[in-house]
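The values are calculated or read from the model by the stated rules, or taken from the named source; none is laboratory data. Remember, it's a predicted structure, so these values are computed and weren't measured experimentally. Cβ coordinates were reconstructed from backbone atoms using ideal geometry, including for glycine residues, and neighbour counts include every protein chain displayed. Surface areas here come from the heavy atoms of the whole protein model, side chains and all, with no ligands, DNA or RNA. Shrake-Rupley method; radii C 1.70, N 1.55, O 1.52, S 1.80 Å.
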Amino acid sequence: MRQISLISLAFFLLAWTLPVAAEDTQGAVAVVEQLTNSVLKVLRANEGKPLTPTVKKDVADIVLPHMDFTTMSQYVMARYWRQMSPVQQREFVVLFKELLVRTYSNSLNHYHGQTVKITGSQQISQNPPVAQVNMIIRQNGGGPDVPVIYALLYTNNAWRIYNTYIDGVSMVLNYRQSFGQIAASRGIPALLQDMRAKDGGSSAPGKMAAAA
């Protein structure tokens, strides 16, 4: 649970990506730094106060449009992605996004004055353009620094997040292991049914069509 909370918090501390040249890793770093500060400003303004749905929505509105949920879903499902029909794939993307929204919203309660520092970056791939941004989260109160690595894919003229590593633990791998076990033992329809149940039925066909 601590890893999930740290992963969720780290996604919020990394805020937003804007269009930059694909090969310009330093530009990606500048964007991460600028927008991390923007999210921290929101969190600090509400530190010690009950986190209202409005605050959570404000942060989510900043972050979520700049995450690549389709690529993330493909990596999470791995070989099972190719076994899914197009309808199942679209539904999984919607349900997975809803799962992350709930997880990230809850993770805001774990902010207690942490600060962040970008420590470096590198281009991992040119085709497709993939950048790695390294950061540390400094705990308030003298706890150990938490290393963070963000993997961003340059697509549609913007850097978008598709994975995060916290203390060496991959968010994608965490979900791949848990979802893969269900898909292997009970099948993909059962996995989607479990996700629908946890989503409270909010991902109805009409909603899915609108999000596709």
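A Förster radius of 22 Å combined with the Cβ-Cβ distance from Glu47 to Asn106 puts the calculated FRET efficiency at roughly 0.85. With θ taken as phi - 60° and the Karplus curve 6.51 cos²θ - 1.76 cosθ + 1.60 applied, the whole-hertz 3J(HN,Hα) list for the stretch 151-162 is 9, 10, 9, 8, 8, 6, 6, 8, 7, 10, 6, 10 Hz, x standing for glycine and proline. The order of Arg196, Arg90 by accessible area, most exposed first and with a 1.4 Å probe, is Arg90, Arg196.
Residues whose amide H lies under 5 Å from that of Asn163, counting only those 5 or more places away or on a different chain, are Ala151; hydrogens are built 1.01 Å from N in the peptide plane.
Legend: calculated FRET efficiency, Trp81 to Lys57, from the Cβ-Cβ distance at R0 = 25 Å, rounded to 0.05, equals 0.25. Among Lys57/Lys198; Lys41/Lys198; Lys97/Lys117; Lys57/Lys117, which pairs are too far apart, with a Cα-Cα distance over 23 Å? The pairs that break the limit, which is 23 Å between Cα atoms, are Lys41/Lys198; Lys97/Lys117; Lys57/Lys117. The heavy atoms of Asp68 offer some 20 square angstrom of accessible surface to a 1.4 angstrom probe. Residues Arg82, Arg160, ordered by accessible area of protein heavy atoms at a 1.4 angstrom probe radius and largest first, appear as Arg82, Arg160. Assuming R0 = 30 Å, what is the FRET efficiency of Leu173 and Gln123, from their Cβ-Cβ distance, to the nearest 0.05? Approximately 0.85, to the nearest 0.05. Each 10 Å bin from zero holds the following percent of Cα-Cα pairs in the stretch 88-168: 15, 35, 36, 13, 1. Report the charge-dipole magnitude of the stretch 78-212 in Debye, nearest 20, computed about the Cα centre from +1 at each Lys and Arg Cβ and -1 at each Asp and Glu Cβ. Dipole of the stretch 78-212, to the nearest 20 debye: 240 debye.
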